[in-house]
1. Would you point out the residue of region 389-423, among those that are among the acidic types (Asp, Glu) and over 22 Å from SER167 (Cα atoms), that is farthest from the chain's Cα centre (by Cα)?
2. Condition first: in a strand (DSSP E or B), more than 23 Å from the chain's Cα centre (by Cα) and surrounded by fewer than 18 Cβ atoms within 10 Å (Cβ to Cβ). Now tell me which residues in region 429-441 satisfy that.
3. If you take the residues in region 272-306 that are basic (Lys, Arg) and assigned to a helix (DSSP H, G or I), which one is surrounded by the fewest Cβ atoms within 10 Å (Cβ to Cβ)?
4. Looking at region 322-359 only, could you name the residues that are touching a residue at least 60 places away in the same chain (Cβ under 8 Å) and of a type in the set (S, T, N, Q)?
5. Tally the residues that are away from ligand 1 (no atom under 11 Å from the Cβ) and either under 24 Å from GLY425 (Cβ atoms) or of a type in the set (Val, Ile, Thr) (or both), restricting the search to region 250-275.
6. How do the strands (runs of 3 or more DSSP E) wholly within region 178-254 filter down when requiring 1 or more residues that are more than 16 Å from ligand 2 (Cβ to nearest atom), among the aliphatic types (A, V, I, L, M) and surrounded by fewer than 22 Cβ atoms within 10 Å (Cβ to Cβ): which remain?
7. Is one or more of the residues making up region 413-424 in contact (Cβ under 8 Å) with a residue 40 or more places away in the chain and assigned to a strand (DSSP E or B)?
8. Among the residues of region 125-144, count how many are surrounded by fewer than 17 Cβ atoms within 10 Å (Cβ to Cβ) and among the β-branched types (Val, Ile, Thr).
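The values are calculated or read from the model by the stated rules, or taken from the named source; none is laboratory data. These numbers come from a predicted model, not from an experiment. Counting neighbours? That spans all protein chains shown, and the Cβs are built from the backbone with ideal geometry, glycine included.
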Amino acid sequence: MNIYPEDANIFETSNTDDTSRPKVYIETYGCQMNVNDSEVVASILIGNGYSVTSDINQADIILINTCSIRENAETRVFGRLDLFGQIKKQKPSVLVGVLGCMAERLKDQLLEQKKVVDLVVGPDAYRELPVLIRAAEDGQKGVNVLLSREETYADISPVRLDKNGVSAFVSIMRGCNNMCSYCVVPYTRGAERSRDPHTIVKEVQELVNAGYREVTLLGQNVNSYHWVEQKGLIKHSVNFSDLLEMVALVDPRLRVRFSTSHPKDLTNEVLYTMAMYENICNHIHLPVQSGSTRILKLMNRKYTREDYLNRIEAIRSIIPDCSISTDIIAGFCTETEVDHDLTLSLMREVGFDFAYMFKYSERPNTKAARHLEDDVPEEVKTRRLMEIIELQGKLSEQSKQADVGKRFEVLVEGESKKSKDEFYGRTSQNKVVVFPKAGHKVGDFVYVEITDCTPATLMGKIVEE
Ligand code: SAM
Ligand code: SF4
């Protein structure tokens, strides 16, 4: 049996050979923020005398960083905990810890029902991990799920999870204040708080010095980034556009990406900053969730279909070659066929380059769970999701077809999974390209002419600039 899941990130670092240090295995589910949080956790633990291993059988401590966004994400983690229970039977000294959103949401259930769990640590309590591990070693349960209004881990340099040393995530804020009615994030990750911009720039500079070529600035709603500092008698404030510029100026050869943008907060100022700096990538992830204004209101998204299309128009006019991706939820409470058709028609109108598509999953205690009935039958949700996926398949293919014959600057990110003679990388628009190596190396910027495409990937050849 393969004990490693395909849908999780497993931490790999080079310090696993240090036999004197207790070994921690970290498995991560969910969004990029969770991946970055695991990097923070690794940094804290390595700084406290632990080492990190990607071999679960070698581990003294097994940590699972979890996601609560949909029910199936949680079910997956419960399955993994059962497997960890089997490992613990063979090696009773192993400690098992649940980190992140599920720790926050299901602390009591985890402690009562899952005897295998020794540690339950919420997203704002990672600094406490060494203390909590010691408590667990003494036979107590190590628990801290307190949410904070200040914690941003600003001073911690994450140990990078990616293996190629080319692109890195940088969290610029934590939590969320938006209270979309379906979403559990404001409850599991707490209130929104922005990180000191100077610590962000410092981290980015360190990444550049270490050879990184791309950073992705992360937040649940990066466009509401807001930092105020006192300079003498004057208050100076930094918004997301300012921060983007500060990061772009660190090094003109560093690619800058960001995620996620909320349509209600994406300003023209941000779009002009993107247009002004060539190293800010021309890609915006702008989750729409639904094409029906009535459903958007029930979701508490605070924009209408028209507002969303207005933002798309602004992107197209200010950054003409910008790609746009989105998130869509099928079958939200009360959604009719008319609402669903509005989602399909909006998708066609925008022509999204890529989308993450989900069936609505009711999350306990959210506003939707408390006030709206989850009344779209499962088979209707499934059929609508299938229609959305099928349409997006066509749109994604069209978007790639339109690139055939064009030239793009591509950052070489790694060897293609299918051939040792080929690399893969991404265009500024975040589209994956596969091309023959032609004597280049990972981390190089190359010009690639697109010669063909599959529904998932562009294919090309390196050309002179
Ligand atoms: N903060 C980001 C935003 O607002 O766009 C993304 C947050 S969430 C991690 C990523 C996506 O999960 C959301 O955009 C939404 O499409 C989806 N999602 C969140 N809650 C969901 C739920 N209860 N059921 C199905 N999908 C959900
Ligand atoms: Fe959830 Fe909405 Fe916040 Fe995104 S903006 S994390 S969907 S509450």
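1. Going residue by residue through region 389-423, those that are among the acidic types (Asp, Glu) are 390, 397, 403, 409, 413, 415, 421-422.
Next, only the ones that are over 22 Å from SER167 (Cα atoms) stay: 390, 397, 403.
Working: GLU390: 24, GLU397: 24, ASP403: 26 Å.
By that ranking, first place goes to ASP403.
2. Residue satisfying the conditions is PRO436 alone.
3. Of the residues in region 272-306, the ones basic (Lys, Arg) are 294, 297, 301-302, 305.
Then keep just the ones that are assigned to a helix (DSSP H, G or I); that gives 294, 297, 305.
On the way: ARG294: 16, LYS297: 14, ARG305: 20.
This residue is LYS297.
4. Listed by number, the residues that qualify are SER323, SER325.
5. 14
6. Values: elements: 214-218, 226-231, 234-239.
So the answer is 226-231, 234-239.
7. Of all residues in region 413-424, those in contact (Cβ under 8 Å) with a residue 40 or more places away in the chain come to 413-414.
Now narrow it down to the ones that are assigned to a strand (DSSP E or B): 413-414.
Yes, region 413-424 contains at least one residue that is in contact (Cβ under 8 Å) with a residue 40 or more places away in the chain and assigned to a strand (DSSP E or B).
8. Residues in region 125-144 being surrounded by fewer than 17 Cβ atoms within 10 Å (Cβ to Cβ) and among the β-branched types (Val, Ile, Thr): 1 in total.
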